[in-house]
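Data first, discussion second: the structure below is written as structure tokens.
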Amino acid sequence: MPYFSTLYITAMHQFIKILLAVSAFCCAAHSYEWYESGNFYQIYPRSFMDSDNDGIGDLQGIKSKLQYLKDLGIDGVWLSPIYKSPDADFGYDISDFRDIHSLFGNLGDFDQLIAECNRIGLKLILDFVPNHSSDEHEWFQKSERNISGYEDYYIWRTPQIDEVSNIPVPINNWMSRFRYSAWKWSEIRQQMYYHMFVYQQPDLNYRNPKVVQEMKDVLKFWMDKGVDGFRVDAIRTLFEKMNPDGSFPGEPRSYDPNCDQYDHCSLINICTRDQPETYDMVYQWRNLMDDFATKNKVGSKVLMLESYADVDLNMIYYGNATTPGAHFPFNFELIKNTNINSTAEDFKSAVDLWLDNMPAGHIANWVLGNHDQHRIASRLGVERGDLLNILIQTLPGAAITYQGEELVMTNVHLSWNDTVDPKACNTNDPVNYEKLSRDPARTPFPWDDSKNAGFSKADSTWLPVGDDYKTVNVKAQEAAANSHLKIFKKLTTIRKESMFRFGNYTGILSNNDNVYSYKRQHENEFAVVVLNFGKSQEVVDVSSLFTSIPSKLKVYTSSLESAIADGEIVDASKVTVKGNIGLVLLNSSTMAKVNLILLIFSISFLIL
Ligand code: NOJ
Ligand code: MG
């Protein structure tokens with residue numbers, strides 16, 4: 001009997017391998033790099049999963065939930081900073097670029113995490129924060145004490161001293177992104193240093209070649225550990241405009257009525273952002289990463305940048321064939337150009353802005369949420385939650401999802417007393433702080449309906465869990481017949497099909513500009529996505545919008561409130577779509593193939 005079972009299991013394994021090989025052959029006629037249509041997921045480590053029950057997430061917690069991400073259809077996981085930090089800006093103030101925050105674990109835990117990612121087939125991307133360190137970093141401590149070799153690691157200048165008050169006067173009018181002067185007096189060095197973010201985040205001096213080399217060594221350190229790439233923080237602010245005599249010019253006033261004199265936006269930031277030297281530094285990092293991959297015969301490393309710059313400036317980051325830059329700067333056009341009242345036209349224009357400006361042969365990408373923004377559903381309407389996930393998952397290029405957006409989470413309201421984000425605390429405004437606070441999107445991830453949403457067994461968590469966790473959680477959405485999570489998984493599955501991976505894109509507005517539809521086509525495979533951004537039901541004539549549409553189409557998936565079942569056959573000339581609803585339509589043969597692949601995966605999962 002044992003002999004028979006072994007034979008049986010071996011035979012089943014062989015059978016499954018053949019089935020998987022056949023299905024892989026069906027879907028992958030091209031050999032593209034994984035990140036070209038990569039599905040990225042951003043983890044905010046403090047809030048993903050707490051393994052040691054101290055109320056703060058950690059690396060072992062993340063490791064224990066990797067299978068969730070794999071099952072979700074994610075390719076690459078990006079971790080917000082996990083490095084040693086005094087947490088003045090929750091990990092973005094790093095006191096050792098080569099060590100792990102003790103709250104999150106240690107380097108051994110990191111090695112285990114990366115091994116587990118490799119085992120289950122997930123890529124691991126780290127946050128790289130080159131613009132600044134913590135004021136507790138050894139380099140800053142040495143620089144502040146003028147220790148030989150470290151004097152110019154940061155940006156130091158001698159201020160005038162006000163004769164009346166005897167207080168040092170800021171070097172110029174530059175403001176921090178987190179309010180107030182960007183110059184901070186050091187009693188120790190008797191000079192001021194520049195900080196774009198909180199004063200505990202002094203800017204590194206990229207005009208010092210030693211700093212440039214140090215940070216390249218940091219990249220090498222983590223690549224040696226096996227990471228698959230980096231998300232670069234605050235790239236725009238890497239360099240500051242400097243006069244030939246070493247002084248810094250002031251910035252002109254913006255007269256923006258939404259900004260007071262202490263806000264960064266009260267000035268036109270022509271000196272503190274987007275300096276020409278920045279692009280070259282990105283090209284140097286890409287070169288280093290490509291060289292590393294070639295020399296070590298490992299897969300290429302992906303370089304993604306955080307930049308809210310205008311699209312024309314962002315395009316420079318891509319570089320060109322001879323001098324490649326980032327694989328992509330994040331595309332924040334959908335964030336910058338939309339709000340709760342945005343129309344189909346606004347969304348389509350934001351999509352076109354990127355696609356029309358992107359140089360040929362590069363990778364587009366789509367971002368709607370992250371740890372710096374309020375929840376997508378709170379910004380753009382909870383009724384549009386699925387529609388927006390459909391958008392992000394079905395456009396050409398990479399998709400980036402912030403943790404919890406697959407569940408269509410909403411902002412968690414936090415009282416002034418519970419608020420910890422320096423961006424909000426620096427307002428000193430217990431009434432209006434919430435507009436600026438990033439905490440509402442940083443609360444613990446809801447895994448189930450148990451204590452602390454299954455995130456932690458601690459008595460309290462670093463930020464409270466949302467009140468709606470009893471219903472908005474992974475377990476509930478997995479158990480439901482249909483849910484945001486289930487729709488998200490269907491999207492990540494279809495996304496692996498050729499029309500979404502390599503297909504071209506044709507977008508159009510219809511129905512009095514309420515509906516934004518697009519066709520994605522690769523060879524004979526195509527899909528049509530219909531997004532009704534209007535409030536009322538529309539009947540969309542898909543056959544008249546695109547060429548070669550068969551008379552009948554199948555609904556692959558749709559928003560939860562669509563009242564249309566997956567697999568329903570619709571008349572292509574009369575597709576009825578309720579307000580705020582999105583649909584993915586396929587022709588029947590594609591549908592049959594996707595169903596077969598889903599079936600194969602389900603059978604293999606059950607047997608294994
Ligand atoms: C951008 C990060 O996303 C944000 O969270 C952080 O506060 C600043 N950069 C400073 O590092
Ligand atoms: Mg800087």
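What follows draws every value from the coordinates through simple rules; no lab data is involved. The structure presented is a predicted model; accordingly, all values stated were derived computationally and were not measured. Using ideal geometry, Cβ is built from the backbone for each residue, glycine included, and neighbour counts are taken over all protein chains shown.
A few points about this structure:
- Net length gained if the chain between I340 and D224 were fully extended (0.36 nm per residue, minus Cα distance): 37.3 nm
- Nonlocal amide H pairs with K552, under 5 Å, H built at 1.01 Å: A572
- Sorted peptide list for 527-534, 336-343, criterion being average Cβ within 10 angstrom, highest first: 527-534, 336-343
- Pairwise centroid distance, computed over Cα atoms, of region 70-94 with region 548-575, Å: 39
- Chymotrypsin sites (Phe, Trp or Tyr not before Pro) restricted to DSSP loop in region 236-322 with at most 11 other C-beta within 10 Å: Y255
- Helix-only mean residue ellipticity at 222 nm for the chain, each DSSP H run of n ≥ 4 adding -39500 (n - 2.57), per residue, nearest 500: -9000 deg cm²/dmol
- With 22 Å as the limit on Cα-Cα distance, the pairs of K301/K486; K535/K574; K435/K470; K84/K220; K65/K457; K123/K451 that go past it are K301/K486; K435/K470; K123/K451.
- In the calculated pair-distance distribution of region 28-166, the portion above 18 angstrom amounts to 64 percent of the Cα-Cα pairs.
- Distances between placed amide hydrogens fall under 5 Å for E251 paired with N173, W174, all partners being 5 or more residues away or on another chain.
- Per-peptide average of other Cβ atoms within 10 Å, ordering 247-254, 390-397 highest first: 390-397, 247-254
- A full extension of the chain between Q261 and D52 corresponds to an added length of 70.8 nm, given 0.36 nm per residue minus the alpha carbon distance.
- Dividing the convex hull volume of the alpha-carbon atoms in region 334-379 by its residue count gives 76 Å³ per residue.
- Dipole size of the chain about its Cα centre, with +1 on Lys/Arg Cβ and -1 on Asp/Glu Cβ: approximately 1800 debye, rounded to the nearest 20.
- The chain: C-alpha gyration tensor shape, a/c 1.5 cut-off, then a/b vs b/c: prolate
- Taking Cα atoms only, the orientation of helix 209-224 departs from the longest principal axis of the chain by about 30 degrees.
- Three-way shape label, region 140-278, alpha-carbon gyration tensor, a/c 1.5: oblate
- A Förster radius of 41 Å combined with the Cβ-Cβ distance from V298 to A481 puts the calculated FRET efficiency at roughly 0.40.
- Label point 7 Å beyond Cα of K70 along Cβ direction - residues of region 381-404 with amide nitrogen under 13 Å: none
- For region 360-507: rounded, prolate or oblate by the Cα gyration tensor [a/c cutoff 1.5]: oblate
- The Cα center of region 403-469 and the Cα center of region 349-366 differ in position by 33 Å.
- DSSP loop GluC sites (Glu not before Pro) with at most 11 other Cβ within 10 Å excluded, longest remaining stretch of the chain: 188-522
- Dipole magnitude of region 378-507 about its Cα centre (Cβ charges: Lys, Arg +1; Asp, Glu -1), debye to nearest 20: 540
- Spin-label pair T506/E116, simplified geometry with 7 Å Cα→Cβ offset, distance in nm: 4.7
- Backbone geometry of region 228-234 corresponds, through the Karplus equation with coefficients 6.51, -1.76 and 1.60 at θ = phi - 60°, to 3J(HN,Hα) couplings of 9, x, 9, 9, 8, 7, 6 Hz, x marking Gly and Pro.
- Site pair S165 and S588 shows an inter-label distance of 7.8 nm when each label is modelled 7 Å from Cα along Cα→Cβ.
- Rounded to 0.05, the FRET efficiency of the D152 and N428 pair, given R0 = 25 Å and the Cβ-Cβ distance, is 0.15.
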